[in-house]
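Chemist: Okay, handing you the structure first.
The values are calculated or read from the model by the stated rules, or taken from the named source; none is laboratory data. Keep in mind that what you see is a predicted model, and the values were worked out from it rather than measured. Note that each Cβ is placed from the backbone with ideal geometry, even for glycine, and that neighbours are counted across all protein chains shown.
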Amino acid sequence: MMVEEKIIEETLMVGNQLGLHARVATMIVQAMRNYGCKVTLCKDGVEVDARSVLGLLLLAATPGSEIVVKAQGPDSRQALEEVGRLIQNEEFDNR
Amino acid sequence: MKNSTTGNEPKTSDPTASANNYTNILLKGLGVSGGVGIGQVVVIERLTEEICPRWVLKPEEIPPEISRFESAVKTAADHLKDIKSRIGSHHPLGNHIYILDTHILLLEDRMFFEGTKNAIASERQNAEWAVSETITKIMSAFDTIEDDYLKERARDIHFVGERVLRILMGISPESKIHQLPPNSVIVAHDLSPADTAQIKRERVFGFATDMGGKTSHTAIIARSLKLPAVTGLERISKIAQTGDTVIIDGSTGVVIINPDPEMVLRYRQRQELYSKYQQSLMTYGRLPAVTRDGSRSVRISANIELVDEIEIALNHGSEGIGLFRTEYLFLGRRDLPSEDQQFEAYRQVLGHNRPNPVTIRTLDVGGDKLAVGINSSHEANPALGLRAIRLCLERRDIFRTQLRAILRASVHGNCRLLLPMISCLTELQTSRAILDEVKAELASEGQEFSQRMKVGILVEVPAAVAIADLLAREVDFFSIGTNDLIQYALAIDRVNEHVSYLYDTLHPAVLRLIRQIVHVGQATGIEVAMCGEMAGDPLNIPILMGLGMDELSMNALSIPIVKKFIRLLSMDECRELTQKAFQMQTAQEIHNLLEGWIRGRFPTDYFVDQPSASQ
């Protein structure tokens, strides 16, 4: 059986004009429910679990910040893409 | 636009408990959602830290204490889910409901959930103590965040903790908020999203809270419910008591507890005026800015700093963007925005306003505001120091990147470039030379850009006024930045409390400077715009029209009233009034002239939204 255990990562930019705010953080944590892999977000050397709303908010990722997203485990590619979309999306800008 | 009290019968004319005690206590806070609310106070009590019981557990008490905590968290989550399902998606809060999901996730968050269990197990703290300690720790982590919006989220974890504490302590987790009497004005230290989500809109006339700024939940919710709200009152939850009559004015931030009947009557009138006024004003936003005698000489546009603000600008009737401040793209971050990031922002603003003009101002900050590589934070006089165009000419890498992004975006709409703080011809010529270089560079790369992009300068240094005729040869338009022009011309720091009283828009010197620019513009055939606060104050409109301004750009919210004034005025009467104003000798005389004239000319429309109307 082949399980993707390699850590994959991507550097992304926060697209939302308000930064990684409560709504985006909530959507990321909710999206993670569909995955079994481990996903973390890293900014300026601080790494947080994508399943923690508090962690995501405390990243204090303002608009345009660079975030390294890392994923490891089953479906890590899809998880990485979905989290990436939410971080980069400019649409959910309603406070 | 529906006002809070439209269609409701006033009930405050028969105050009972406080009938003989008209204290007229006046408090001043931050008006965060407009309108007047008059009703009975309902104080929403918050749990205070002090009443939380603390004891040290015996080892055998630890496992049952952990289960007690877990079950309280489960109950809290069930409550929130219940509230969410009860209010449903048709609720006026619309897409703000997600915040309840955020709270549910906070309950499950490892930092809170495991953190508390850990405090119970290893510190042997009882559950209440452990929750309160954990929440305090998490909240202090938010203290270091600079971004105001993200910082405010510390309140969310506080509310979640409070909900769990109430359950642990056997106090009803629901505040009185879901069983309000009619005509309530909600008074609280702070309101949680779960509180506000349960509010019955038709029973509430407004909010007044101790805490909170413009981005607090109370403010956001109040605006989306179109209810008046005043925040930042500091002590109102201690001063006001349930049942007191209260007036809140969400435009001015004034709150009056136990007002006398005369005061109530006065605010009742103001309230009626306000709601009628708001309704009628929005109609004006949609109409063109044509004077009574058919002159279409002026364009009314909006000042914005966020891409998000385009919608509000368009809703209020803007005919373009007279000032797009680009600083927001640069601030609050550790690096510089890339060319592509900037391009995307400019493209959006241009595209949404097409074919109306969008004036993009190049970076207008002091070096101290930028995090990267500019060491100018020790300037003794930052206002007279390395900022705006001076900074851009010092840091050409930043300037060139911005110019590239603007030029590339210029094909997506009607783009105009505005250079801030020009004080001499050389600065302008150097800037234009760099612009030409950047254009050549883009052309050689095969990138598209508009050949017709107009270039203007922000006239805000008195020296630029004095040499306006020389500058006019090299630009396509002038835009008067009144805030800085007044500050530099009158030598007054607006934020210095000792001298700010001297800051006067209608100082004869200011008016003469403006007139001088307009004359140069007319003589040389270039457009003169105004984008400072002066342009959005209805009081100044007749004189700005009389002077012959080509564009007035303002805060979007001012557009409807400004358009209304313009539509009711004729150019002749504006010119006549302007001539009179120029014969006056002091700012006070000019102010009296304009105010008296406008009061006479617009007796029913005069300044409903201004603080002076209630005095």
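Chemist: Among all residue pairs at least 6 apart or on different chains, which show Cβ distances below 6 Å where the first residue, located in the range B:62-88, is under 22 Å from B:Lys117 (Cβ atoms) and touching a residue at least 40 places away in the same chain (Cβ under 8 Å) and the second is surrounded by 18 or more Cβ atoms within 10 Å (Cβ to Cβ) and small (Gly, Ala, Ser)?
Modeler: B:Glu65/B:Ala127; B:Arg68/B:Ala127; B:Phe69/B:Ala127
Chemist: Confirm whether A:Leu18 is among the hydrophobic types (A, V, I, L, M, F, W, C) and more than 13 Å from the chain's Cα centre (by Cα). Spell out the reasoning first.
Modeler: Working: among the hydrophobic types (A, V, I, L, M, F, W, C): yes; more than 13 Å from the chain's Cα centre (by Cα): yes.
Against the criterion (among the hydrophobic types (A, V, I, L, M, F, W, C) and more than 13 Å from the chain's Cα centre (by Cα)), A:Leu18 qualifies.
Chemist: Something else about it: Report yes if some residue within the range B:70-78 is part of a helix (DSSP H, G or I), within 14 Å of chain A (Cβ to nearest Cβ) and either modelled with pLDDT of 95 or more or out of contact with any Phe, Trp or Tyr (no Cβ under 7 Å at 6 or more places or on another chain) (or both); otherwise report no.
Modeler: So in the range B:70-78, the residues part of a helix (DSSP H, G or I) come out as B:70-78.
Restricting the remaining residues to those that are within 14 Å of chain A (Cβ to nearest Cβ) gives B:77.
Add one more test, that the residue is either modelled with pLDDT of 95 or more or out of contact with any Phe, Trp or Tyr (no Cβ under 7 Å at 6 or more places or on another chain) (or both), and what stays is B:77.
Within the range B:70-78, one or more residues are part of a helix (DSSP H, G or I), within 14 Å of chain A (Cβ to nearest Cβ) and either modelled with pLDDT of 95 or more or out of contact with any Phe, Trp or Tyr (no Cβ under 7 Å at 6 or more places or on another chain) (or both).
Chemist: Something else now. Please work out which residue is nearest to B:Glu311 (Cα to Cα), limiting yourself to the range B:332-361 and to residues that are of a type in the set (Lys, Arg) and in a loop (DSSP other than H, G, I, E, B).
Modeler: Residues of the range B:332-361 of a type in the set (Lys, Arg): B:333-334, B:347, B:354, B:361.
Next, only the ones that are in a loop (DSSP other than H, G, I, E, B) stay: B:333-334, B:354.
Working: B:Arg333: 25, B:Arg334: 29, B:Arg354: 13 Å.
Only one residue fits best here, namely B:Arg354.
Chemist: For the subset of the range B:132-150 comprising residues that are more than 7 Å from chain A (Cβ to nearest Cβ) and in contact with a Ser or Thr (Cβ under 9 Å, 6 or more places away or on another chain), which member is modelled with the lowest pLDDT?
Modeler: Residue satisfying both the conditions and the ranking: B:Asp148.
Chemist: Also, quick follow-up: When the residues of the range A:59-74 are filtered to those that are in a loop (DSSP other than H, G, I, E, B) and facing chain B (nearest Cβ under 10 Å), which remaining residue is surrounded by the fewest Cβ atoms within 10 Å (Cβ to Cβ)? Full working, then the answer.
Modeler: So the first thing to find is which residues in the range A:59-74 are in a loop (DSSP other than H, G, I, E, B), and the list is A:59-65, A:73-74.
Imposing the further condition that a residue be facing chain B (nearest Cβ under 10 Å) reduces the set to A:59-65.
Details: A:Leu59: 23, A:Ala60: 22, A:Ala61: 28, A:Thr62: 23, A:Pro63: 25, A:Gly64: 23, A:Ser65: 20.
The residue in question is A:Ser65.
Chemist: Out of the range A:26-58, which residues are in a loop (DSSP other than H, G, I, E, B), more than 9 Å from every other protein chain (Cβ to nearest Cβ) and within 21 Å of B:Ile138 (Cα to Cα)?
Modeler: Step one: filter the range A:26-58 for residues in a loop (DSSP other than H, G, I, E, B), giving A:33-37, A:44-45, A:50-52.
Still in the list and also more than 9 Å from every other protein chain (Cβ to nearest Cβ): A:33-37, A:45, A:50.
A:Gly45, A:Ala50, listed by residue number.
Chemist: Follow-up question, since we're still on this one. Suppose we filter the range B:428-476 for residues that are in a loop (DSSP other than H, G, I, E, B) and either farther than 22 Å from B:Leu323 by Cα or of a type outside the set (Asp, Glu) (or both); how many remain? Working first, answer last.
Modeler: Here is the first cut: in the range B:428-476, the ones in a loop (DSSP other than H, G, I, E, B) are B:446-453, B:460-461, B:467, B:473-476.
The next check asks that each one be either farther than 22 Å from B:Leu323 by Cα or of a type outside the set (Asp, Glu) (or both); those that pass are B:446-453, B:461, B:467, B:473, B:475.
So the count comes out to 12.
Chemist: Separate question: With respect to B:Tyr284, is the statement that it is within 30 Å of B:Gln522 (Cα to Cα) and hydroxyl-bearing (Ser, Thr, Tyr) true? Outline the logic, then answer.
Modeler: Details: within 30 Å of B:Gln522 (Cα to Cα): yes; hydroxyl-bearing (Ser, Thr, Tyr): yes.
Yes, satisfied.
Chemist: While we're looking at this one, here's another question. Taking the conditions exactly as written (away from chain B (no Cβ under 13 Å) and either of a type in the set (A, V, I, L, M, F, W, C) or not in a loop (DSSP other than H, G, I, E, B) (or both)), does A:Arg77 satisfy them or not?
Modeler: Details: away from chain B (no Cβ under 13 Å): yes; either of a type in the set (A, V, I, L, M, F, W, C) or not in a loop (DSSP other than H, G, I, E, B) (or both): yes.
Answer is yes for this residue.
Chemist: Against the definition (at pLDDT below 85, crowded, with 21+ Cβ neighbours inside 10 Å, within 14 Å of chain A (Cβ to nearest Cβ) and under 29 Å from the mean Cα position of the chain (by Cα)), how does B:Ile220 come out, yes or no?
Modeler: Answer is yes for this residue.
Chemist: Which one of these is under 28 Å from B:Ile247 (Cβ atoms), touching a helix residue (DSSP H, G or I) at 6+ places or on another chain (Cβ under 8 Å) and of a type in the set (S, T, N, Q): B:Gln179, B:Gln198, B:Gln125?
Modeler: None of the other options fit; the residue is B:Gln198.
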